[in-house]
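Quick note: the coordinates plus some simple rules give every number you see, no bench work behind them. Small disclaimer: the values here were computed from a predicted structure and weren't measured. No Cβ is skipped: glycine too gets one built from the backbone with ideal geometry, and neighbour counts run over all protein chains shown.
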Amino acid sequence: MVEITDKEFKKLADYIRSHYGIFLKTEKQSLLNARLANVVEQHNFKSFSEYYDYVVSDPSGLATSILIDKVTTNYTYFMREPDHFKYINEVALPNFERSLKDYDLRVWSAGCSTGEEPYTLAIILEEYFKQKKRWDKKILATDISTQVLNIAQKGVFEHRQIEMLPPMWKLNYFTKLDKNTYAVSDRLKKEVIFRRHNLVQNFSFHFRRKFHIIMCRNVMIYFDKKTRDMLVNSFYNITEPGGYLFIGHTESLDREATHYKYVAPAIYRKV
């Protein structure tokens, strides 16, 4: 079995950090070795240096996508950190309903993984605005991993993945494919736009209009402080006044380094 050397680990870690903002401490060396072992073996690389050369020279981007999948943990589920969705439904949406005169609500799920977060958001928006048909409320959902985006776009989940959802949500927004598999309804799928996006690529977001809600939860845990601060500043610049940033409960913002104002645990607002 090929073992990664200290020098090879540093080389790979530096590449991942400079291109994707993910900071791997030296104690992650054995973990990286274990997660990449099957990739190295499948391609018959004699060393991790050969694997590194393969990654950086692959024009398709598939090799880097697989690398990032191995490095990160795409763990998510419907209604994760439910107090956020409760706040959106009870506070944020009523605020926007009163203040937005063009009926255009813009939401970004940044680091959407396999789609549970944006689909949860889509259901909440559908439920809230179901008697208000004039509202445009599509959700942009992005991730660096093409693998998880492919899963998200298919919108097919096992029963255990949706069992915590209210029965009426399952009835209205999912179609039963077989005894264990459910598909997100086409109506809900139309409300979510999936795109591949690197959050730390130059920290420059080229969107036509700003967002009212940005969800970037349990993503910045992979970044060092400098990267987090730069990313949050980029988020702030594309947040509409009065808009919100939601982060993971295990994360926090340096309040001295951001203009966002603290609202509640893991909820910040541009005022």
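Could you give the semi-axes, largest first, of the ellipsoid that matches the chain, computed as the square roots of 5 times the alpha carbon gyration tensor eigenvalues and rounded to whole Å?
35, 24, 15
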- Message: I want to check the label-to-label distance for D104 and K138. Put each point 7 Å from Cα in the C-beta direction and report it in nm to one decimal.
- Response: 1.2 nm
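Could you estimate the translational diffusion coefficient of region 6-71 from the Stokes-Einstein equation, with Rh from the Kirkwood formula over C-alpha pairs, at 20 °C and 1.002 mPa s, in whole µm²/s? Show your work: numbers first, answer last.
Working: Rh = 11.9 Å.
Roughly 180 µm²/s, to the nearest whole number.
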- Under 16 Å from the Cα of K179, which lysines turn up, not counting those fewer than eight places away in the same chain? K170
- Message: Straight-line reach from K25: which lysines fall under 23 Å, measuring Cα to Cα and dropping same-chain residues less than 8 apart?
- Response: K7, K10, K11, K70, K225, K226
- DSSP-assigned coil residues among chymotrypsin sites (Phe, Trp or Tyr not before Pro) in region 4-102, each with at most 16 further Cβ atoms within 10 Å: Y75, Y77
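So what is the relative contact order of region 82-269, in percent, for Cα pairs below 8 Å that sit 6 or more residues apart?
Values: 272 pairs, mean separation 38.9, N = 188.
Result for region 82-269 is 21 percent.
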- Total charge dipole magnitude, the chain, about the Cα centre, Cβ charges on Lys, Arg, Asp, Glu only, Debye to nearest 20: 960 debye
- Message: Checking the table K130/K190; K133/K210; K86/K190 against a 25 Å threshold on Cα-Cα, which pairs fail?
- Response: none
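What does the charge dipole of region 184-269 about its Cα centre add up to, to the nearest 20 debye, if the Cβ of each Lys and Arg holds +1 and the Cβ of each Asp and Glu holds -1? Each step should come with its number before you reach the end.
Details: 15 positive and 8 negative charges, 73 e Å.
Its charge dipole is roughly 360 debye.
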- Given a Förster distance of 45 Å, the FRET efficiency implied by the Cβ-Cβ spacing of K176 and D224, rounded to the nearest 0.05, works out to 0.50
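Using the Cα gyration tensor of region 191-271, with a ≥ b ≥ c the square roots of its eigenvalues, what is the shape: rounded (a/c below 1.5), prolate (a/b larger than b/c) or oblate (neither)?
Working: a/c = 1.39, a/b = 1.14, b/c = 1.22.
Rounded is the answer for region 191-271, as its axis ratio a/c remains below 1.5.
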